[in-house]
1. Considering region 1-17 alone, what residues qualify as being modelled with pLDDT under 75 and open to solvent by less than 60 Å² (accessible area, probe 1.4 Å)?
2. Which condition number in (1) β-branched (Val, Ile, Thr); (2) at pLDDT 95 or above; (3) assigned to a helix (DSSP H, G or I) is the one that Ile61 fails?
3. Give region 66-96 a look and list any residue that's closer than 28 Å to Pro12 by Cα and either over 13 Å from the mean Cα position of the chain (by Cα) or in contact (Cβ under 8 Å) with a residue 40 or more places away in the chain (or both), or say none.
4. Failed condition for Arg31, given (1) outside any loop (DSSP other than H, G, I, E, B); (2) more than 18 Å from the chain's Cα centre (by Cα); (3) not aromatic (Phe, Trp, Tyr), with all others met?
5. I need the full set of residues from region 52-83 which are of a type in the set (Gly, Ala, Ser) and under 23 Å from Arg42 (Cβ atoms), in order please.
6. Only one residue in Val46, Val53 is at pLDDT 95 or above, out of contact with any Phe, Trp or Tyr (no Cβ under 6 Å at 6 or more places or on another chain) and not in a loop (DSSP other than H, G, I, E, B), so which one is that?
7. Can Ile35 be described as out of contact with any strand residue (DSSP E or B) (no Cβ under 7 Å at 6 or more places or on another chain) and among the hydrophobic types (A, V, I, L, M, F, W, C)?
8. If a residue has to be loosely packed, with under 13 Cβ neighbours inside 10 Å and acidic (Asp, Glu) to count, how many in region 18-75 make the cut?
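The values are calculated or read from the model by the stated rules, or taken from the named source; none is laboratory data. Note that the coordinates shown come from a computational prediction; the quantities given were computed from them, not determined experimentally. Cβ coordinates were reconstructed from backbone atoms using ideal geometry, including for glycine residues, and neighbour counts include every protein chain displayed. Areas reflect the complete protein model, heavy atoms only, side chains present, ligands, DNA and RNA absent. Shrake-Rupley method; radii C 1.70, N 1.55, O 1.52, S 1.80 Å.
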Amino acid sequence: MCFFKLNLDLLPDELVAAAKLAEEAQPFGTRRLNIAMGYGGRQEIVDAAKDLVAKLMAEGIPPDEVAAHIDAGSLASHMYSADLPDPDLLIRTSGE
């Protein structure tokens, strides 16, 4: 089980504690359940873009050429779940 630990400070302490307990109870295995708690898709895109730009700058890419190096693939490699396959099932709650 894997919880994306994002903005957990926005969640009630009881929920954070329950999530940590569930994660610790099943640390290994061949099957995976990913739960995005305190997750915001827009924030993930912002974080991925910042990470990608920082990487490009560290590689010495001139600022006026950075945009040319940003595409869907390069951005996807900086997303929170870049190392995971696409989900088989996605359940989205109301956002509240």
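1. Across region 1-17, the qualifying residues are Cys2, Phe3, Phe4, Leu6, Leu8.
2. Unmet for Ile61, out of (1) β-branched (Val, Ile, Thr); (2) at pLDDT 95 or above; (3) assigned to a helix (DSSP H, G or I): (3).
3. Once the filter is applied, which keeps residues that are closer than 28 Å to Pro12 by Cα and either over 13 Å from the mean Cα position of the chain (by Cα) or in contact (Cβ under 8 Å) with a residue 40 or more places away in the chain (or both), region 66-96 yields Tyr80, Ser81, Leu84, Pro87, Leu89, Leu90, Ile91, Arg92, Thr93, Ser94, Gly95, Glu96.
4. Checking Arg31 against (1) outside any loop (DSSP other than H, G, I, E, B); (2) more than 18 Å from the chain's Cα centre (by Cα); (3) not aromatic (Phe, Trp, Tyr), the one that fails is (1).
5. Those that are of a type in the set (Gly, Ala, Ser) and under 23 Å from Arg42 (Cβ atoms): Ala54, Ala67, Ala72, Gly73, Ser74, Ala76, Ser77, Ser81, Ala82.
6. After ruling out the rest, the residue left standing is Val53.
7. no
8. So the answer is 5.
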